[in-house]
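**Q** Before I ask anything, here is the structure I am working with.
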Amino acid sequence: MILLEKELEGSVRKARPLDLRAAADTVRVVTDGRPVVDIAREVVAATGWAKPHSARSA
C-alpha cells in the first residue's frame, strides 16, 4: 500500500473517535486545499486571540 493511502486511512480511523467525543461547540476548521495563512486567520478569529485593529488617524 502506498504511504499516502495508509496515512489517509489512519486519519479516517482517528477522526471517528474525535467526532464522537468532541463537545458540541467545538470549532472545526476545514484545511484541505487552503493556504496556511487563511487557516491561521480563521483559527485566530475563532479563538478571539486578536481583536480587530482600528484605523489610526494621523
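Since every read-out is calculated from the coordinates, none of them should be taken as a lab result. Owing to the predicted nature of the structure, the values given are computational and were not obtained by experimental measurement. For neighbour counting, all protein chains shown are included, and Cβ atoms are generated from backbone atoms with ideal geometry for every residue, glycine included.
**Q** Pull out all pairs, ordered by first then second residue, where Cβ-Cβ is under 9 Å, the residues are six or more apart or on different chains, the first lies in segment 3-17 and is free of Cβ contacts under 8 Å to residues at least 40 places away in the same chain and over 18 Å from Arg28 (Cβ atoms), and the second is of a type outside the set (Ser, Thr, Tyr) and not in a helix (DSSP H, G or I).
**A** What qualifies is Glu9/Met1.
**Q** Hey, any hits in segment 4-22 for a residue that's of a type in the set (A, V, I, L, M, F, W, C), part of a loop (DSSP other than H, G, I, E, B) and surrounded by fewer than 10 Cβ atoms within 10 Å (Cβ to Cβ)?
**A** Keep residues of segment 4-22 that are of a type in the set (A, V, I, L, M, F, W, C), which gives 4, 8, 12, 15, 18, 20, 22.
Still in the running and part of a loop (DSSP other than H, G, I, E, B): 22.
Of the ones still in play, those that are also surrounded by fewer than 10 Cβ atoms within 10 Å (Cβ to Cβ) are none.
No, segment 4-22 contains no residue that is of a type in the set (A, V, I, L, M, F, W, C), part of a loop (DSSP other than H, G, I, E, B) and surrounded by fewer than 10 Cβ atoms within 10 Å (Cβ to Cβ).
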